[in-house]
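*Asks:* Have a look at this one.
The values are calculated or read from the model by the stated rules, or taken from the named source; none is laboratory data. The structure presented is a predicted model; accordingly, all values stated were derived computationally and were not measured. No Cβ is skipped: glycine too gets one built from the backbone with ideal geometry, and neighbour counts run over all protein chains shown.
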Amino acid sequence: MSGNDYEQCQKYFKKALGKQKEKDFAAAESFYKRALRHDPMHLDANYLLGTLYAEQRDFAQALKYLRQAAEINPRSHMIQNNLGNIYQMSGQYDKAIACYQRALSVEPNMPEVQNNLGNIYKNQDMPAEAEACYRRALLLRPDFVEVYCNLGGVLRSQKKFSEAIENYRKALDLSPAFKQAFEGLGICHAELGERDQAVASFNRYLELDPGDNSEVKLRLAQLKAGDIPQIYPAAVMLSTYEKKAQNWDADIQRPGMEFLGPRHVREMLAELQLPQARQLDVLDIGCGTGICGEYLRGYAKHLEGVDLSPHMLAQAKKKGYYNKLECVDAVGYMQDCKRSFDLIVASGVLILFGDLSPVFQAATRLLKPGGMFVFTLYRSESEAVMVRYNLHFAHSAAYVQEAAESAGLQVVLLEQEVHEYDQGAAQPGWVAALRKAG
């Protein structure tokens with residue numbers, strides 16, 4: 001590298017640092033790239049540009065630059081830790097574990113890395129391994145508030161509720177306004193049948209976070225201590241599917257955990273005897289990884305899919321079934337879309353809506369006369385709308401009928417089915433077909 005390249009690289013690197021401190025991320029990105037054009041092996045420019053992309057959740061670009069930084073300095077435990085974080089956030093757990101282990105081989109006394117490892121093991125349903133990591137983190141840093149909550153969560157998953165409560169209380173001793181500890185306490189008390197303590201803990205959480213993007217309001221509704229929310233929190237849904245997208249297609253076929261929504265939709269379409277000659281305009285809302293796309297393609301001259309999760313859509317895009325894929329809220333898309341459709345399908349999506357009226361009204365708007373809306377739901381045998389144990393919504397037949405008629409849709413079929421299996425237990429569901437008057 002020439003002296004001039006070195007000087008230009010340093011000039012742009014310093015400008016990038018300044019812009020990053022000012023939160024002008026677009027300018028910082030531009031200057032980091034200019035610095036790297038003069039010196040592609042500049043360690044800090046690669047590292048900081050990678051972390052900049054990570055903060056914007058652009059994992060592909062983050063991995064590109066952090067991997068380059070790791071090649072330049074493979075002994076940096078900080079780079080390995082951050083690279084592991086990106087792999088973890090993108091659901092590539094094996095690669096994340098390898099990075100964390102490399103970081104610990106260089107610097108064993110890193111409680112943050114032990115916590116990160118614990119989080120991966122927790123996400124992979126390996127509670128014993130997660131617990132061991134969290135306990136090692138606390139030995140290294142006894143005031144690590146977040147880890148007490150994480151340990152509480154993994155103990156809770158093993159039904160060690162008293163131990164979990166003890167750890168949540170340790171977190172609150174260190175940080176009395178740590179809202180996640182109140183959420184964890186509430187869940188433990190609810191599991192123990194201690195309703196009043198659960199409600200008090202959840203209400204304290206809401207005092208600390210009135211906006212609440214968590215599942216707390218759903219839990220209060222489940223305890224009959226709050227109104228039923230209209231919809232499942234988008235932030236929780238996005239976080240869930242960010243982790244699950246990579247292995248979703250395989251996971252929903254695991255014995256005892258099968259999700260049957262796509263099969264029920266396919267069978268309903270056959271029962272309705274819709275033409276399978278690529279004649280229809282079809283919309284797949286909450287299309288996820290595109291599991292329904294293969295058989296919908298047989299009906300569709302034009303097939304669109306919408307989903308709120310970019311990670312799920314990335315998997316759908318690889319399959320090549322859809323003419324158009326949009327990362328957007330389904331109801332908002334349906335309310336604004338200019339195209340009309342012969343068929344709208346929603347497999348395992350409306351379980352995230354307490355109030356089905358906005359979805360039904362949006363479907364009526366989009367459907368051509370005589371068009372069909374086919375979807376699955378969890379089934380409630382008692383209440384019109386209820387919050388289930390898994391914090392998703394179930395609906396009664398009477399509720400579906402009333403909401404459909406109010407939106408101008410006719411219930412053609414409403415059939416009882418097993419929506420899915422959870423630990424081998426059948427979960428009651430509906431598969432429905434509604435028609436817009438023609």
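*Asks:* Enumerate the pairs (first residue in the stretch 97-113 and within 13 Å of MET78 (Cβ to Cβ); second residue anywhere and in a loop (DSSP other than H, G, I, E, B)) with beta-carbon separation below 6 Å, excluding pairs fewer than 6 apart on the same chain, so at least 6 apart or on different chains.
*Replies:* Correct list of pairs: VAL106/ARG75.
*Asks:* Suppose the filter is of a type in the set (A, V, I, L, M) and more than 27 Å from PRO310 (Cβ to Cβ); does ALA234 pass it?
*Replies:* On the way: of a type in the set (A, V, I, L, M): yes; more than 27 Å from PRO310 (Cβ to Cβ): no.
No.
*Asks:* Residues in the stretch 258-288 that are in contact (Cβ under 8 Å) with a residue 24 or more places away in the chain, closer than 23 Å to GLN423 by Cα and not hydrophobic (A, V, I, L, M, F, W, C): how many?
*Replies:* 5
*Asks:* Oh, and also: Could you list all residues from the stretch 424-438 that are touching a strand residue (DSSP E or B) at 6+ places or on another chain (Cβ under 7 Å) and farther than 23 Å from MET372 by Cβ?
*Replies:* Just the residues of the stretch 424-438 that are touching a strand residue (DSSP E or B) at 6+ places or on another chain (Cβ under 7 Å), to begin with: 426-438.
Result: ALA426, GLN427, PRO428.
*Asks:* Please go through (1) in contact (Cβ under 8 Å) with a residue 40 or more places away in the chain; (2) exposed (fewer than 15 other Cβ atoms within 10 Å of the Cβ); (3) of a type outside the set (Gly, Ala, Ser) for GLN315 and return the number of the only condition it doesn't satisfy.
*Replies:* The one condition GLN315 does not meet is (2).
*Asks:* For residues in the stretch 1-24 being part of a helix (DSSP H, G or I) and surrounded by fewer than 14 Cβ atoms within 10 Å (Cβ to Cβ), which is modelled with the lowest pLDDT?
*Replies:* The initial filter retains those residues of the stretch 1-24 that are part of a helix (DSSP H, G or I), namely 3-21.
Keeping just the survivors that are surrounded by fewer than 14 Cβ atoms within 10 Å (Cβ to Cβ) gives 3-7, 14, 18, 21.
Numbers: GLY3: 65, ASN4: 76, ASP5: 78, TYR6: 82, GLU7: 87, LYS14: 93, GLY18: 91, LYS21: 89.
In this case the residue turns out to be GLY3.
*Asks:* In the list LEU283, LEU238, LEU223, which residue meets the criterion of being under 30 Å from ALA198 (Cβ atoms) and at pLDDT 95 or above? I'd like the intermediate steps shown before the answer.
*Replies:* Details: LEU283 fails: under 30 Å from ALA198 (Cβ atoms); LEU238 fails: at pLDDT 95 or above.
Exactly one residue qualifies, and that residue is LEU223.
*Asks:* How many residues, within the stretch 324-342, are under 29 Å from ARG388 (Cα atoms) and either touching a Lys or Arg at 6+ places or on another chain (Cβ under 8 Å) or surrounded by fewer than 23 Cβ atoms within 10 Å (Cβ to Cβ) (or both)?
*Replies:* If we filter the stretch 324-342 for residues that are under 29 Å from ARG388 (Cα atoms), which is where we start, we get 327-335.
Add one more test, that the residue is either touching a Lys or Arg at 6+ places or on another chain (Cβ under 8 Å) or surrounded by fewer than 23 Cβ atoms within 10 Å (Cβ to Cβ) (or both), and what stays is 327-329, 331-335.
Summing the residues that are under 29 Å from ARG388 (Cα atoms) and either touching a Lys or Arg at 6+ places or on another chain (Cβ under 8 Å) or surrounded by fewer than 23 Cβ atoms within 10 Å (Cβ to Cβ) (or both) in the stretch 324-342 gives 8.
*Asks:* I'm trying to understand the selection: among the residues of the stretch 25-42, which are outside any loop (DSSP other than H, G, I, E, B), of a type outside the set (D, E, K, R) and surrounded by 16 or more Cβ atoms within 10 Å (Cβ to Cβ)?
*Replies:* Just the residues of the stretch 25-42 that are outside any loop (DSSP other than H, G, I, E, B), to begin with: 25-38.
Remaining after also requiring of a type outside the set (D, E, K, R): 25-28, 30-32, 35-36, 38.
Of everything in the stretch 25-42, those that are outside any loop (DSSP other than H, G, I, E, B), of a type outside the set (D, E, K, R) and surrounded by 16 or more Cβ atoms within 10 Å (Cβ to Cβ) turn out to be ALA28, PHE31, TYR32, ALA35, LEU36, HIS38.
*Asks:* Hey, another quick one. Mind checking which pairs have a first residue in the stretch 135-146 that is in the same structural domain as LEU117 (by TED's automatic domain parsing) and a second that is β-branched (Val, Ile, Thr) and buried (at least 17 other Cβ atoms within 10 Å of the Cβ), Cβ under 7 Å, 6 or more apart or different chains?
*Replies:* Between residues of the stretch 135-146 that are in the same structural domain as LEU117 (by TED's automatic domain parsing) and residues that are β-branched (Val, Ile, Thr) and buried (at least 17 other Cβ atoms within 10 Å of the Cβ), the close pairs are ALA137/VAL147; LEU138/VAL147.
*Asks:* Which condition from (1) surrounded by 19 or more Cβ atoms within 10 Å (Cβ to Cβ); (2) farther than 22 Å from ARG263 by Cβ is the one that GLU417 breaks?
*Replies:* (2)
*Asks:* Related question: Within the stretch 389-404, take every residue that is without any contact (Cβ under 8 Å) to a residue 60 or more places away in the chain and within 22 Å of the chain's Cα centre (by Cα) and give me the one that is surrounded by the most Cβ atoms within 10 Å (Cβ to Cβ).
*Replies:* So the first thing to find is which residues in the stretch 389-404 are without any contact (Cβ under 8 Å) to a residue 60 or more places away in the chain, and the list is 390, 394-404.
Filter once more, keeping what is within 22 Å of the chain's Cα centre (by Cα): 390, 394.
Numbers: ASN390: 13, ALA394: 25.
Per the criteria, the residue is ALA394.
*Asks:* Please list, ordered by first then second residue, the pairs with beta carbon atoms under 6 Å, 6 or more apart or interchain, first in the stretch 169-184 and farther than 13 Å from LEU208 by Cβ, second of a type in the set (D, E, K, R).
*Replies:* LEU174/ASP143
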